[in-house]
Structures are given as structure tokens and as C-alpha cells.
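Only one structure is covered here, and it is reproduced in the block below.
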Amino acid sequence: MENKRSSFSNTLGFVLAAAGSAVGLGNLWRFPYLAAKYGGGIFILVYLILAVTLGFTLMITEIAIGRRTGLSAINAFQKLDKRFGIIGYLACAASFIITPYYCVIGGWVVKYLITFLTGNVVAAAEEEYYNGFITGSAEPILWFGVFVLFTAVVVMIGVEKGIERASCVLMPVLIVLTVAIALYCVTRPGAMEGVKYYLLPDFSRFSATTVLAAMGQLFYSMSLAMGTMITYGSYMKKEDNLEKSVRQIELFDTALAILAGFMIVPSVFVFSGGNEEALGKGPSLMFVTMPKVFENMKFGSIIGTVFFLLVLFAALTSSISLMETNVSIVCDKWGWSRKRTTALTTVYVLIMGAVISLGYGSLNFIRILGMGLLDFFDFISNSILMPVIGILTCISIGFFIKPQVVYDEVEINGEFKVKRFYTVMLKWIAPVCLILIVLFAVAEAAGWIQV
Ligand code: PFF
């Protein structure tokens, strides 16, 4: 085992790396389509409330566990209480499941970037382009491989020189690009209708489904409940302020998600006049609807290229954190070197991801619970494993290991401003909300309820 653990060099390095993990496809691809689908403003309102309550509680707990123990998920839980090592194993399972399919989607982003770079905007805007591409064999796997190799190189280089440096360059660029494209999009003629839809809450569209969809999104977006924040916490220096850093990461993540909506929702209005069908496109909103929007826009091919470049940067900093989570768990647990672990993890990701990618093409006869491979893995990790890990984390820290562990970590750098609120959230409100998410996901998968 390494005796000296690497660390981020300062608070800014830590915050940017953790924000880099949080800001990803979840913000740019998933948040806008969920907001569009669940009634715009009302979804955002619910999401914001959840971010400062549930999101804050879980994030501060995970980072504190990591910094306290100086270890990644499995060893960290085992060190705090032998009985709860299982939570670490579940987190490890979740991150090993998510990494390959996240990189498959990363590969799609590379493909769209190349398409726009080579000026094929008209082709990209065709309905069949997306389907033709993802159902292919060699091409999606090729771009997926390129994406995985980028990710692996940064992880191989290590925490400070690889991850921190990449985040410190990519994150500021990401903000500038997002703000610029969002500004451009909301100032197009006809975009204001979309801005209104996106921002003004329509309370008649409020339902339990809105809350549950927002909660699921929160987990995904803030990289919670899969050991990532524990790993990053373990690289955080003791002198950095934990409570403040968590607020900054959350602010970063939420602001970028909302800005992404400003790029996408009003653009869809400009293009479609806001019809329900275009807004409810779901996952393909970014790959099918957005190219149509760019095709109809002045300077569309340039804006489109910049847009996909931005999505690529965001996806890369997240996939780096996913792979780092896998690597750090294996290095801590079995004492392997970073290089060897990264190489083996890369081989695993390449094989698993290739199979998942083929799940849209030659392997599309494989259906599990009625879902294709990618959807199935997404379902198992996001809707089942992550909430279960969240519940176990809250209960183990709240009642057995005791929240004092978290208080102590936070109080190294001053007062824990919202200690009472945190405790009530951790012990009672968060577990109840998370149990609801799991029940809801199971009921939906079993077909008892329809969303
Ligand atoms: N938070 C990332 C996103 O929003 O795209 C996805 C993610 C990264 C989830 C890392 C989980 C994780 F551990």
C-alpha cells in the first residue's frame, strides 16, 4: 500500500476536481431533458430545495468520511466500523457498473463533435443519423475506445498532476463556454417563450413523480453514493474548509445544470414552437433535437461544435472521477500500483463498454426486465444501488458510527454552521426520502405505476 497518500494541492484544486466530477453528462444531457419533461420551472424549484437539503447532507458526509479515514470507500467504511464494509463494496459495485456505460455515452459525444467539426451538420440533424450510429458495431466502439483512453491517461498520471490539472483547465473553460452559448441561445427570436416555460413554476404540474425524478437526478448529478466523493475527500487536505467547499461544489453543479437548460430548452422552443413532443424527447434531446436546432441556427455549425466540445470536457472530468474511484478502491484494498490498476481497469471498461455498446446493435436481443443493456445498468446503479447505498450511509453514520465523526472533520476548520439541521436530515429525512426513491423505482420497473 502507498504510505503517503496523494492530495489535491489546495482548496481550489479540490473544489474544481470535485465539481469536475459532479458536472458532467448529468448536467448537460440529463438535467435539461428532465426539466423539459417534468414541467420546467416546477422541476427546477424542487431540485433546488433538494440540492440544499439532501444533496448537502450526503455530500458533506461522504467527503468527511474520506478525509477522516484517508481511504477510499471499502477501506474507509471498514476502518470506521467493521460491520459496514459492505457499504463500500456496494459503492465499488456501483462505480464499476457506471464507468463503462458512462464512457459509451462519452464516445457518442466524441462522434458528434467530430461530425460538427467536419461540417456535417445537415447529416447530424437527420433523425436516422443517431439511430444509425448507435446501432452500428465498429464505429461506436471506436469512439468509445478513444474516450476511455483519454480518461485512463489522466488517471494514470495521478491525482495532482493528472486530475487536478485537467480540472483546473477544463472547468473554467466549461463555464465560459456554457455562459456564452446560453446567452446566445436565449437571445434568439422566439426563445423568450422557452425561458418562461423553463423558469416559471407551473404548480399544477407538481406531483410525487416530479420530486422523485428530481431526487434521482440529484444523486446522479452530484456523484453521490458510489464512493467518488469519499475518494476525493481522502485527497483533501485537513486545512481546507469542508463545509464551505461542499457549498461551492453544489453551487457549481447546480448552476451548470440550470445554465445547460438555458442552452437547450429555449433552443427547442425556437425550433419547435415548444410542442410537447419535442420537449419530451428524453435522452435523445441532446443527440437528435439539438443538431436540428443547430442546423436551423445562424452559425449553427460553429455553435454546435463548441457545444459538443463543452459536453466532452464535462463528460471527461466525470469519467476521470469514476475511473479514479475504481482505481483508488483497488489500490487501497489490494495494494496494487496505480499504473497496474489503471491498466487493468481500462481493459475491464473496454470489454464491458463494448458489450454495452453492442446492446444497441447486434446484441439488442438481450433484454433484462424489458430493458436493453445500457438502460438496465443505468437502472441497477442509479435507481437501486445508489439509493440503497445512500440509505445505508445515513443509517450507519447516523445511528452506529455516529455523526460525531462528521462534526469532528467539519469542525477542524471552524464552526459547523448547520449542525442540527444536518443531524435531522442525516438520521430521519434523508433515509425516508431515499426509501421512497427505491420503492418508486421498483414499482415503475415492475409496471405498477407509469411515469
Ligand atoms: N455526476 C456526473 C454527471 O453529472 O454526469 C456523473 C457521475 C460521475 C456520477 C461520477 C457518479 C460519479 F461517481
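If the condition is being more than 14 Å from Lys196 (Cα to Cα), more than 16 Å from the chain's Cα centre (by Cα) and surrounded by 20 or more Cβ atoms within 10 Å (Cβ to Cβ), then the stretch 247-278 contributes only Phe271.
How about the stretch 342-451: which helices (runs of 4 or more DSSP H) wholly inside it have at least 2 residues that are among the charged types (D, E, K, R)? Before the answer, list the steps.
Values: elements: 373-378, 386-395, 404-411, 419-424, 430-445.
Here the list reads 373-378, 404-411, 419-424.
Quick check on this structure: which one of Tyr130, Tyr112, Tyr101 is at pLDDT below 95 and of a type outside the set (A, V, I, L, M, F, W, C)?
Numbers: Tyr112 fails: at pLDDT below 95; Tyr101 fails: at pLDDT below 95.
Exactly one residue qualifies, and that residue is Tyr130.
Please indicate, with yes or no, whether at least one residue in the stretch 166-175 is assigned to a helix (DSSP H, G or I), hydroxyl-bearing (Ser, Thr, Tyr) and within 14 Å of the ligand (Cβ to nearest atom). The answer is yes; a qualifying residue exists. Restricting the stretch 196-215 to residues that are surrounded by fewer than 18 Cβ atoms within 10 Å (Cβ to Cβ) and among the aliphatic types (A, V, I, L, M) leaves a set whose member that is nearest to the ligand (Cβ to nearest atom) is Leu199.
Residues of the stretch 384-416 being of a type in the set (Phe, Trp, Tyr) and over 19 Å from Gly55 (Cα atoms), which ones? I'd like the intermediate steps shown before the answer.
Looking only at the stretch 384-416, we keep the residues that are of a type in the set (Phe, Trp, Tyr), and these are 399-400, 407, 416.
Listed by number, the residues that qualify are Phe399, Phe400.
Each residue in the stretch 237-273 was checked for being closer than 19 Å to Thr11 by Cβ, part of a helix (DSSP H, G or I) and not charged (D, E, K, R), and 8 pass. Contact annotation: residue pairs with Cβ atoms under 7 Å, 6 or more positions apart or on different chains, pairing a residue in the stretch 318-330 that is in contact (Cβ under 8 Å) with a residue 40 or more places away in the chain and closer than 21 Å to Asp253 by Cβ with a partner that is near the ligand (Cβ under 9 Å from one of its atoms) and outside any helix (DSSP H, G or I), are Ser318/Gly24; Ser321/Ser223; Thr325/Met226; Thr325/Gly227.
Within the stretch 39-55, is even one residue more than 16 Å from the ligand (Cβ to nearest atom), in contact (Cβ under 8 Å) with a residue 60 or more places away in the chain and within 23 Å of Gly106 (Cβ to Cβ)? No, the stretch 39-55 contains no residue that is more than 16 Å from the ligand (Cβ to nearest atom), in contact (Cβ under 8 Å) with a residue 60 or more places away in the chain and within 23 Å of Gly106 (Cβ to Cβ).
Answer yes if at least one residue in the stretch 372-383 is under 22 Å from Ser328 (Cα atoms) and aliphatic (A, V, I, L, M), and no otherwise. No: the stretch 372-383 contains no residue that is under 22 Å from Ser328 (Cα atoms) and aliphatic (A, V, I, L, M). Given the options Leu224, Leu218, name the one that is out of contact with any His (no Cβ under 7 Å at 6 or more places or on another chain), over 18 Å from Gly190 (Cβ atoms), within 16 Å of the ligand (Cβ to nearest atom) and not in a helix (DSSP H, G or I). Sole residue among the options that is out of contact with any His (no Cβ under 7 Å at 6 or more places or on another chain), over 18 Å from Gly190 (Cβ atoms), within 16 Å of the ligand (Cβ to nearest atom) and not in a helix (DSSP H, G or I): Leu224.
Residue-level analysis places Glu160 among those that are in contact (Cβ under 8 Å) with a residue 12 or more places away in the chain, surrounded by fewer than 20 Cβ atoms within 10 Å (Cβ to Cβ) and under 25 Å from Cys331 (Cα atoms).
Filter the stretch 404-416 down to the residues that are touching a residue at least 60 places away in the same chain (Cβ under 8 Å) and surrounded by 12 or more Cβ atoms within 10 Å (Cβ to Cβ) and list them by number.
Here is the first cut: in the stretch 404-416, the residues touching a residue at least 60 places away in the same chain (Cβ under 8 Å) are 405-406, 408-410, 412-414, 416.
Val405, Val406, Asp408, Glu409, Val410, Ile412, Asn413, Phe416, listed by residue number.
The values are calculated or read from the model by the stated rules, or taken from the named source; none is laboratory data. What you see is a predicted model; the values in this text were computed from it and never measured. When we count neighbours, we look across all protein chains shown, and the Cβ atoms used for this are built from the backbone with ideal geometry, even at glycine.
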